[in-house]
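Student: Take this structure, written in structure tokens, and hold onto it; I'll ask about it next.
What follows is calculated from the coordinates using simple rules that are stated; it is not laboratory data. Owing to the predicted nature of the structure, the values given are computational and were not obtained by experimental measurement. For neighbour counting, all protein chains shown are included, and Cβ atoms are generated from backbone atoms with ideal geometry for every residue, glycine included.
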Amino acid sequence: MSSIYPTNLPAYIYNHDPTKIDYRKSSYIYQDKKRQGLLKEEKTFNIGDSQSTEDFEPDFVKYDKQTLRFYGYFKESVVENEIENARIRPLVIYYYLLDDSIQINEVKQTNSGIPQGPFLKKGKVIKTNGQPLTFKDFQIGEDVTIYSKIIRIYDADQYTRDFCAMNGLRLGAAQSVPLDAFTMKQNMKPIGVKDHAMKDYLEYSMGGGKPKNAKQFLENDRKVLRYYATNEGLKYIIHYYLSDDTVEILEVNYNNSGRDPFPLFLRRSKLPRKFSLGQPGDIQASDFYKDSDIEPFMTLWAFNRPFKILGCDEYTSDYYLQNYRRNFPVGGFEDPPQKEKGRIIIPPYNGFGSEEDSLGNCLKLINKPPKKDYYKYINNDKIILRYLARLNTRVLEDVDRRFLISFFLNDDSIQVYEMSNRNSGIWEGKFLERGQYKNVENENKKFTVSDFEVGKSMMINKFSFHILDADEFTKKWMAENMIR
């Protein structure tokens, strides 16, 4: 059975001819053979004409993967919006020459609320006259109606312009896209103007802020002028801080005065010259008091309250004499009488715990553990000075006993260890527990590293020791750190 089909079984139907070449799927092979000259030329003939026409190339081969790109926009009305009444929506129109289909994508606009994506899926568009829409219908500067949307074409890419020029279609110059209210609002960038006065006001109101003049702060830090003043028969102390030109007023309290103890009358801040001030942006530096404005026996107004300046302390008087050649009287009123405090009698140490821990029960109602010198402990950690010593005694059993005295530099504690001595009848081991001991020969002060010297005798916990020698590390450390 001679047939081009592999089988002729019943109900076996073929939708294509396997011997026919599908150029749509193998167009790159066709183009490659055509460049190498291996493809036979196909010729077509007109009916009734025996002469051959020009070489024929199928459209699906010639226009495969060739796409024209036009740029357009349409105007969409916006209702119930006080900012805009219409919006311009830009589009990109793709025209596929292979099958004259059209696809439209919308250009993304920031904060527009319109998702980016295809505005019209790929397909053929039929005009109102029943004819398909072709690329010749896209003219720059003219409108194209696609499914009741009037789209204005304003530009095309360079490939599209070259293709249209080769086919006798001249595209006009590119046009500009009109700006709507939404686009102008997006493109408008507000000019940021820093309100330094408001910034300083907010920082100082929250307890922060930095001095405007760093030199003033560094030179006058912790330098305070003190004035003595009165108001309505009451006595006050006025502090002026030279580092940032701020003022605070303190009320002088007396015992049994009958008044509630409110020591802070005015919180530290800049003192304005008048009671009411304008907005933070309108306030000037000259609206506040300076140190040069305060004079002896003047009335200083603090938020509509008069304070009579009577005098100042010695530092303030010297400051005015040196900087302003002004004599400011020292004093003003006597210091309030202070209540005599009862004398604390510290009982003798009872031997329980450390002496610092026992002393805390006498100084405070709620006892707290004594604080240690952290930096001394870290810097001198594991530094131990060792000395060889004997007892200062004439007892025959104790003459040959030898002891190792260890001094710990991190907390000035002492530990005594008895060394082994054969046939002495005395066991070796710990002789004195590690702890801080007092030197009875030096006004009961605690032992320090300077109390230990080779050849010197000392009394430790009622035992008299004579230092015979020290190890090499101790000798080296003493030579480098001890100043004779």
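Student: Using only the alpha-carbon atoms, how far is helix 27-36 inclined from the longest principal axis of the chain? Give it as 0 to 90 degrees, nearest 10.
Tutor: 70
Student: Below 8 Å, C-alpha to C-alpha, sequence gap of six or more: please give me the relative contact order for the chain in percent.
Tutor: Computed over the chain, the figure is 6 percent.
Student: Counting only other residues whose beta carbon sits under 11 Å from that of ARG422, what net charge do I get with K and R as +1, D and E as -1?
Tutor: -2
Student: Could I have the simple spin-label model distance between LYS476 and ASN410, label points 7 Å from Cα toward Cβ, reported in nm to one decimal?
Tutor: 2.1
Student: What order, most packed first, do the peptides 388-398, 362-372, 65-75 have when packing is the mean number of other Cβ atoms within 10 Å of each residue?
Tutor: Sorting 388-398, 362-372, 65-75 by mean packing, highest first, produces 65-75, 388-398, 362-372.
Student: Grab the other residues whose beta carbon is less than 12 angstrom from that of ARG326, score K and R as +1, D and E as -1, and report the net.
Tutor: Charge balance near ARG326 sits at -3.
Student: What is the gain in length, in nm to one decimal, between LYS274 and THR134 on full extension, counting 0.36 nm per residue of separation less the C-alpha to C-alpha distance?
Tutor: Fully extending the segment from LYS274 to THR134 adds 42.3 nm.
Student: Which value in nm describes the separation of the simple spin-label points at SER292 and ARG386, placed 7 Å from the Cα toward the beta carbon?
Tutor: In this crude label model, SER292 to ARG386 measures out at 7.1 nm.
Student: Per 10 Å bin from zero, what fraction in whole % of the C-alpha pairs of the chain is there, up to the bin with the longest pair?
Tutor: The percentages, shortest bin first, are 3, 10, 10, 8, 8, 9, 8, 8, 8, 9, 9, 7, 3, 1, 0, 0.
Student: Could you point to the residue in ILE294, GLN284, PRO261 farthest towards the positive end of the stretch 261-311's charge dipole, with +1 and -1 charges on the Cβ of Lys/Arg and Asp/Glu respectively?
Tutor: Comparing the listed Cα positions along the dipole, PRO261 ranks first.
Student: For the chain, with only Lys/Arg (+1) and Asp/Glu (-1) charged at the beta-carbon, what is the dipole magnitude about the Cα centre, in debye rounded to 20?
Tutor: 380
Student: Find, among the trypsin sites (Lys or Arg not before Pro) in the stretch 302-349, those assigned to loop by DSSP (not H, G, I, E, B) with at most 16 other beta-carbon atoms within 10 angstrom.
Tutor: Those that pass, being in a loop and sparsely packed, are ARG325, ARG326, LYS339, LYS341, ARG343.
Student: Can you show me the helix-derived [θ] at 222 nm for the chain, built from DSSP H runs with n ≥ 4 at -39,500 (n - 2.57) apiece and divided by the number of residues, rounded to the nearest 500.
Tutor: Here the helix-only value at 222 nm equals -4500 deg cm²/dmol.
Student: Can you tally the net charge around PHE275? Count Lys and Arg as +1, Asp and Glu as -1, for every other residue whose Cβ sits under 13 Å from the Cβ of PHE275.
Tutor: Summing Lys and Arg as +1 and Asp and Glu as -1 gives +2.
Student: With label points built 7 Å along Cα→Cβ from the Cα atoms of ASP451 and ARG170, find their separation and express it in nm.
Tutor: So the two model labels end up 11.4 nm from each other.
Student: Calculate how steeply helix 314-323 sits against the longest principal axis of the alpha-carbon atoms of the chain, using the helix alpha-carbon long axis, and give the answer as 0 to 90 degrees to the nearest 10.
Tutor: 60
Student: Taking the 0 to 90 degree range and rounding to the nearest ten, how far is the long axis of helix 196-205 tilted relative to the main principal axis of the chain, both from C-alpha atoms?
Tutor: That helix lies at roughly 50 degrees to the long axis.
Student: Using Cα pairs under 8 angstrom and six or more residues apart, how large is the relative contact order of the stretch 67-187, in percent?
Tutor: 26
Student: I've got another one for you. Suppose every K and R has +1 on its Cβ and every D and E has -1 on its Cβ; what is the size of the dipole of the stretch 67-187 about the Cα centre, in Debye to the nearest 20?
Tutor: Rounded to the nearest 20 debye, it is 240 debye.
Student: Rank the residues GLU356, GLU418 as a footprinting-exposure proxy: fewest other Cβ atoms within 10 Å of their Cβ go first.
Tutor: Arranged by neighbour count, lowest to highest, GLU356, GLU418 become GLU356, GLU418.
Student: Okay, moving on. Among ASN105, PHE328, SER424, whose Cα sits farthest toward the positive end of the charge dipole of the chain (+1 at Cβ of Lys/Arg, -1 at Cβ of Asp/Glu, about the Cα centre)?
Tutor: Comparing the listed Cα positions along the dipole, SER424 ranks first.
Student: Given 25 °C and 0.890 mPa s, how large is the Stokes-Einstein diffusion coefficient of the stretch 209-323 in µm²/s, with Rh as the Kirkwood radius over Cα pairs?
Tutor: For the chosen part, D equals 160 µm²/s.
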